[in-house]
Amino acid sequence: MALAVVGGGRRSGKSRYALALASSQGSRLGFIATLTPTDQESLDKVANAQAERGPGFITFEEPLDILHLIREHGALFDAIVIDDLTVWVANLIMAGNRDPEHETRQLLDLVHSTPAELIFVTSDVDFGFPVDSEASRAMRRDAGLINRLVAEASSRLYWMVFGIPKRIR
């Protein structure tokens, strides 16, 4: 079908806007959550996200194998929100023998064979100064590449600025 990408900084309204985009596609809505909560802050984040989605979305908690979920369940939905690609990339890297670029290219191949509109939420990770560890810089490079690949493949691309969506494409 189609691919929409919603990007921006932390707390910019990316997820909220992605949910609205998905809801405009129909009533059969899926949501793939890539964050695995590990502390109180992430537990609170998950709880808030679940409350914001409400019961209208069928939610899958999957930190790694989102390709399988889309292949398996894509035909059941009008739209599927995948939130968040940046977390997914970090999960792949932390899992070890995964290649985020290869996995992303496979994910993008699914866009045309999946009847649901796919809506990727992703965070920009390149603002600021790279004064942290090599591992952190490597993760930012991978996330930046993945963001570029999905943006290039998207039919609709949005950048969130202080809660306001700006359509790029």
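The values are calculated or read from the model by the stated rules, or taken from the named source; none is laboratory data. The structure displayed is predicted, hence computed values, not measured ones. Note that we place each Cβ from the backbone using ideal geometry, even for glycine, and neighbour counts take in every protein chain shown. These area figures cover heavy atoms from the full protein model, side chains too; ligands, DNA and RNA do not enter into them. Shrake-Rupley method; radii C 1.70, N 1.55, O 1.52, S 1.80 Å.
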> Within the stretch 23-44, can you find the residues that are of a type in the set (A, V, I, L, M), more than 13 Å from the chain's Cα centre (by Cα) and modelled with pLDDT of 85 or more?
Replying inline: LEU29
> In the stretch 62-94, what residues are among the β-branched types (Val, Ile, Thr) and surrounded by fewer than 18 Cβ atoms within 10 Å (Cβ to Cβ)?
Replying inline: ILE93
> So is SER42 among the polar types (S, T, N, Q) and under 20 Å from ARG169 (Cα atoms) or not?
Replying inline: no
> If you scan the stretch 5-22, which residues turn out to be of a type in the set (D, E, K, R) and either part of a loop (DSSP other than H, G, I, E, B) or open to solvent by less than 30 Å² (accessible area, probe 1.4 Å) (or both)?
Replying inline: ARG10, ARG11, LYS14
> If a residue has to be among the basic types (Lys, Arg) and under 19 Å from ALA4 (Cα atoms) to count, how many in the stretch 96-105 make the cut?
Replying inline: 1
> Quick check: is even one residue across the stretch 45-63 of a type in the set (A, V, I, L, M) and at pLDDT 90 or above?
Replying inline: yes
> From the set of residues in the stretch 80-107 that are of a type in the set (Asp, Glu) and over 10 Å from the mean Cα position of the chain (by Cα), which is modelled with the lowest pLDDT?
Replying inline: ASP99
> On the given criteria, is THR59 open to solvent by 20 Å² or more (accessible area, probe 1.4 Å), under 26 Å from ARG98 (Cα atoms) and touching a strand residue (DSSP E or B) at 6+ places or on another chain (Cβ under 7 Å)?
Replying inline: yes
>> On the basis of being among the small types (Gly, Ala, Ser) and without any contact (Cβ under 8 Å) to a residue 24 or more places away in the chain, does SER136 make the cut?
In response: yes
> Which condition number does GLU101 fail, the rest of (1) in a loop (DSSP other than H, G, I, E, B); (2) surrounded by fewer than 16 Cβ atoms within 10 Å (Cβ to Cβ); (3) touching a residue at least 40 places away in the same chain (Cβ under 8 Å) being met?
Replying inline: (1)
> Considering only strands (runs of 3 or more DSSP E) fully contained in the stretch 108-169, which possess at least 3 residues that are surrounded by 12 or more Cβ atoms within 10 Å (Cβ to Cβ) and modelled with pLDDT of 90 or more?
Replying inline: 117-123, 156-161
> Looking only at the stretch 24-48, which residues are open to solvent by 40 Å² or more (accessible area, probe 1.4 Å), touching a helix residue (DSSP H, G or I) at 6+ places or on another chain (Cβ under 7 Å) and either among the hydrophobic types (A, V, I, L, M, F, W, C) or more than 30 Å from ASP99 (Cβ to Cβ) (or both)?
Replying inline: ARG28, LEU35
